[in-house]
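Mind looking over this structure? Questions follow.
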């Protein structure tokens, strides 16, 4: 079942980008995301997407970034066609589609290069309450686990003759009952077990919880952050103010 | 008959094959044990036996029919799969309905459904719970219920995935009894298990899997004597085979159960008196 | 031999979960000494799991119910101790390690518990490197849970509780999901922890043949009561064990049959090698 983790989740890798402070990665990813929202010509998107793909190459996640884009290709095509149909011109429809691709790929930079743990550290550095952080981390941690549960349940019920795709729309909705009930029950059981394990590890009972991990900017982080911000400013000046 | 011919399988998006070049024929009236280390591909293999998974390359045929040609429901009627965790299937409001679920899916008539459910409840000592919620049963009873809900539609092949996990002695005894009875009805039972002592008591045809390939397919007596193969698959010896190893040539064959071991040792000790 | 000290004691203890009218544990009296390796067995639903949860304080701190009598761990009643304190005395490894690993790397998961009890950075550093070495999982340090095999997950689960430096380690069917070889390796790890660090271990296990060579105590439960309790060698030769759902290993069952037939052995042999040696010795004697 490893394929699930492979396709959807962060994978450990080493690259210049991976080793950056997660806050820097977040800033890079987020600024590109914002620029994607405000860009409006094909030329701007060519620059933005080249920058994003360059980051993809540097962090060795280009292949998976493209995979993510291919997954969303149906949406892109839909957006493109709908725009054409409602009467927008070709250029505008292309721009809208490119914007969608840029949004997806810019945000994927952070998620493909940072483990959920790093997001945990970012949240700690923002002094969010630990309960909230822990809830977030475990939620992300157990998404693939619960997905596997769902696959097992579907397999079990299909082996008992359940045909999910059979019947009219109402019958089809009813077909999901034998899958949803065990999934809910299993998730409740799992959360009970989690609660036991958490309590056995003294979670939530100490007033003075310490933090072993702290984030520190290194020289590399400062350099790359400065370089990135300079490029962003340059882009904004050239494109928005000088209308190149 | 289940026929597997040069079966290769990998999950979508994955690079590596989980199953490689599997060739198998399993007929009626057999007891088959499938063993192998964690992650060796056992569960992936049995999911091919009712069409839940389709081969990436090669063929799986059930009674001559390619699993790609018909629905999972079609093949499940002949090949009943009982998965390890009852929590992955129990959902009905009553024990009765839990057993009736599959029978309804397969389109049996009301009268037959009632007859089969009643039989299954009695056979598995669950009659007193018939109107109770299955979620309230104990772990052992839930496992029994899952087996009951599959045997109720009378499939020709019954596949059990780790049936002994969390089962105590009495429940295991009962399970062996049921398997032996099924064989007398010319059914085939395929057991996937880590439990060497349990497998030994069944004396099955044994299939060892390692890294997605079949390492050995044969009589369990000869396989359990073969140290290098057991080592390769991460399987330990049943105590009675160990006993044979230690006492050979004083005893010529590994005893199949404690009673036989007892009479062998008794003969040794008495014969020389 | 060193003088043994009491570590766990149940005194006239009964418990029923709230909402249930029959007690799940009835009048339990049990004494466990420091350094014991206890094998706890019994049919499903006999109350084993509940008993374990009384030792580390999940009962009564997480589950409510009618709590009668006393459970004393390391000299003090469990119900008076804070959960925090108990977590550093009693480590609990659950059947499914998946639900016990919260973080995205082995290191961070071990650190999780240590942060919870408020240790400072140098202390965490020390314990981290100690526990990774003790369990031989240094190579897994930065791996996320989904890259671990089932056996490795079980070790990581132990690492997480062992880092808290407990005196007692409790395991609820720890090998039920493992293949035979991995299970054996895991059991020998437990043996090492017991011998090397003097850790008191209590393990629930259905495949008792795995543990007969490492445990020194055996407790058999049925219907909420303790039916047998004592030195493993004494308990295991009891002929009625299988009536209480215990999977008696074949070599033990065999000796019971032979004893019935009038063959007396000096000792009860727990493994096949020793038993076979004895048979061979007898045959030579007869010759």
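The values are calculated or read from the model by the stated rules, or taken from the named source; none is laboratory data. Small disclaimer: the values here were computed from a predicted structure and weren't measured. Here the Cβ is made from the backbone with ideal geometry for all residues, glycine too, and neighbour counts use every protein chain on show.
Given the conditions (1) part of a helix (DSSP H, G or I); (2) in contact with a helix residue (DSSP H, G or I) (Cβ under 7 Å, 6 or more places away or on another chain); (3) surrounded by 19 or more Cβ atoms within 10 Å (Cβ to Cβ), which single one is not true for residue B:244?
(2)
Suppose the filter is farther than 25 Å from residue C:95 by Cβ, surrounded by 17 or more Cβ atoms within 10 Å (Cβ to Cβ) and at pLDDT 90 or above; does residue A:158 pass it? Talk me through it step by step, then tell me what you get.
Working: farther than 25 Å from residue C:95 by Cβ: yes; surrounded by 17 or more Cβ atoms within 10 Å (Cβ to Cβ): yes; at pLDDT 90 or above: yes.
Criteria met by residue A:158.
Follow-up. Return the pairs, sorted by first residue and then second, in which the second residue is surrounded by fewer than 16 Cβ atoms within 10 Å (Cβ to Cβ) and part of a helix (DSSP H, G or I), the first residue lies in the stretch A:193-216 and is facing chain C (nearest Cβ under 7 Å) and touching a residue at least 40 places away in the same chain (Cβ under 8 Å), the beta carbons are less than 8 Å apart, and the residues are 6+ apart or on different chains.
Qualifying pairs under 8 Å: A:211/A:124.
Then there is this: Here are B:154, B:125, B:186, B:211: which of them is within 14 Å of chain C (Cβ to nearest Cβ), surrounded by fewer than 21 Cβ atoms within 10 Å (Cβ to Cβ) and at positive phi?
Working: B:154 fails: within 14 Å of chain C (Cβ to nearest Cβ); B:125 fails: within 14 Å of chain C (Cβ to nearest Cβ); B:186 fails: within 14 Å of chain C (Cβ to nearest Cβ).
So the residue among B:154, B:125, B:186, B:211 that is within 14 Å of chain C (Cβ to nearest Cβ), surrounded by fewer than 21 Cβ atoms within 10 Å (Cβ to Cβ) and at positive phi is B:211.
Would you confirm, using the coordinates I've provided, whether residue C:252 is part of a helix (DSSP H, G or I), closer than 27 Å to residue B:266 by Cβ and within 14 Å of another protein chain (Cβ to nearest Cβ)?
On the way: part of a helix (DSSP H, G or I): yes; closer than 27 Å to residue B:266 by Cβ: yes; within 14 Å of another protein chain (Cβ to nearest Cβ): yes.
When the stated conditions are applied, residue C:252 passes them.
Looking only at the stretch B:59-77, how many residues end up being in contact with a strand residue (DSSP E or B) (Cβ under 7 Å, 6 or more places away or on another chain), buried (at least 18 other Cβ atoms within 10 Å of the Cβ) and touching a residue at least 40 places away in the same chain (Cβ under 8 Å)? Steps first, answer last, please.
Looking only at the stretch B:59-77, we keep the residues that are in contact with a strand residue (DSSP E or B) (Cβ under 7 Å, 6 or more places away or on another chain), and these are B:59-62, B:66-67, B:75.
Narrowing further to those that are buried (at least 18 other Cβ atoms within 10 Å of the Cβ): B:60, B:62, B:67, B:75.
If we keep only those that are touching a residue at least 40 places away in the same chain (Cβ under 8 Å) as well, we get B:60, B:62.
Qualifying residue count, the stretch B:59-77: 2.
Enumerate the pairs (first residue in the stretch A:36-63 and surrounded by fewer than 14 Cβ atoms within 10 Å (Cβ to Cβ); second residue anywhere and at pLDDT below 90 and assigned to a loop (DSSP other than H, G, I, E, B)) with beta-carbon separation below 9 Å, excluding pairs fewer than 6 apart on the same chain, so at least 6 apart or on different chains.
A:43/A:244
Give the number of residues within the stretch C:117-133 that are surrounded by fewer than 19 Cβ atoms within 10 Å (Cβ to Cβ) and under 20 Å from residue C:186 (Cα atoms).
So the count comes out to 2.
Since residue B:234 meets every condition but one in (1) at positive phi; (2) surrounded by fewer than 20 Cβ atoms within 10 Å (Cβ to Cβ), which condition does it not meet?
Every listed condition holds for residue B:234 apart from (2).
Within the stretch C:218-228, can one find any residue that is surrounded by fewer than 19 Cβ atoms within 10 Å (Cβ to Cβ), more than 9 Å from every other protein chain (Cβ to nearest Cβ) and in contact with a strand residue (DSSP E or B) (Cβ under 6 Å, 6 or more places away or on another chain)?
Yes, the conditions are met somewhere in the stretch C:218-228.
Within the stretch B:11-46, track down each residue that is at the interface with another protein chain (Cβ under 8 Å from one of its Cβ atoms), more than 22 Å from residue B:194 (Cα to Cα) and surrounded by 15 or more Cβ atoms within 10 Å (Cβ to Cβ).
Answer for the stretch B:11-46, where residues must be at the interface with another protein chain (Cβ under 8 Å from one of its Cβ atoms), more than 22 Å from residue B:194 (Cα to Cα) and surrounded by 15 or more Cβ atoms within 10 Å (Cβ to Cβ): B:11, B:14.
Please enumerate the residues belonging to the stretch C:100-115 that are within 7 Å of chain A (Cβ to nearest Cβ) and assigned to a loop (DSSP other than H, G, I, E, B).
C:102, C:103, C:104, C:105
Could you go through the stretch A:189-202 and let me know if any residue there is under 29 Å from residue C:52 (Cα atoms) and part of a loop (DSSP other than H, G, I, E, B).
The first filter runs over the stretch A:189-202 and keeps only residues under 29 Å from residue C:52 (Cα atoms), leaving A:189-202.
Filter once more, so that each one left must be part of a loop (DSSP other than H, G, I, E, B): A:201-202.
Yes, because at least one residue in the stretch A:189-202 is under 29 Å from residue C:52 (Cα atoms) and part of a loop (DSSP other than H, G, I, E, B).
Could you tell me whether residue C:150 is farther than 27 Å from residue C:32 by Cα and out of contact with any helix residue (DSSP H, G or I) (no Cβ under 9 Å at 6 or more places or on another chain)?
Working: farther than 27 Å from residue C:32 by Cα: yes; out of contact with any helix residue (DSSP H, G or I) (no Cβ under 9 Å at 6 or more places or on another chain): no.
No, not satisfied.
Residues checked against (1) surrounded by fewer than 19 Cβ atoms within 10 Å (Cβ to Cβ); (2) under 26 Å from residue C:116 (Cα atoms); (3) away from chain B (no Cβ under 12 Å):
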residue	(1), (2), (3)
C:154	no, yes, no
C:158	no, yes, yes
C:195	yes, no, yes
C:259	yes, no, no
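To keep it simple, each residue is scored yes or no on (1) farther than 30 Å from residue A:70 by Cβ; (2) in a helix (DSSP H, G or I); (3) touching a helix residue (DSSP H, G or I) at 6+ places or on another chain (Cβ under 7 Å).
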| residue | (1), (2), (3) |
| --- | --- |
| A:108 | no, yes, yes |
| A:121 | yes, yes, yes |
| A:132 | yes, yes, no |
| A:179 | no, yes, yes |
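Next question, about the same structure. Could you run through the stretch A:119-144 and say how many residues are in contact (Cβ under 8 Å) with a residue 40 or more places away in the chain, within 18 Å of residue A:197 (Cα to Cα) and at the interface with chain C (Cβ under 8 Å from one of its Cβ atoms)?
Of the residues in that region, 2 qualify.
Quick one: in the stretch B:163-181, which of the residues that are assigned to a loop (DSSP other than H, G, I, E, B) and free of Cβ contacts under 8 Å to residues at least 60 places away in the same chain is nearest to residue B:43 (Cα to Cα)?
Here is the first cut: in the stretch B:163-181, the residues assigned to a loop (DSSP other than H, G, I, E, B) are B:163-168.
Then keep just the ones that are free of Cβ contacts under 8 Å to residues at least 60 places away in the same chain; that gives B:164, B:166-168.
On the way: B:164: 15, B:166: 18, B:167: 20, B:168: 23 Å.
Result: B:164.
I need the helices (runs of 4 or more DSSP H) fully contained in the stretch C:127-242, keeping only those with at least 2 residues that are in contact (Cβ under 8 Å) with a residue 40 or more places away in the chain. Spell out how you get there, then give the answer.
Details: elements: C:150-162, C:180-197, C:232-236.
Counting at least 2 such residues, we get C:150-162, C:180-197.
For the stretch C:82-99, state whether one or more residues are assigned by TED's automatic domain parsing to the domain that holds residue C:15, outside any helix (DSSP H, G or I) and without any contact (Cβ under 8 Å) to a residue 24 or more places away in the chain.
Yes: one or more hits.
Inspect the stretch A:216-233 for any residue being part of a loop (DSSP other than H, G, I, E, B) and loosely packed, with under 11 Cβ neighbours inside 10 Å and give the result as yes or no. I'd like the intermediate steps shown before the answer.
Step one: filter the stretch A:216-233 for residues part of a loop (DSSP other than H, G, I, E, B), giving A:216-218.
Narrowing the set further to residues that are loosely packed, with under 11 Cβ neighbours inside 10 Å leaves A:216.
Among the residues of the stretch A:216-233, at least one is part of a loop (DSSP other than H, G, I, E, B) and loosely packed, with under 11 Cβ neighbours inside 10 Å, which makes the answer yes.
Within the stretch C:51-74, which residues are outside any strand (DSSP E or B) and without any contact (Cβ under 8 Å) to a residue 60 or more places away in the chain? Lay out the reasoning, then the answer.
Step one: of the stretch C:51-74, the residues outside any strand (DSSP E or B) are C:51-64, C:74.
Across the stretch C:51-74, the qualifying residues are C:53, C:54, C:57, C:58, C:59, C:60, C:61, C:62, C:63, C:64.
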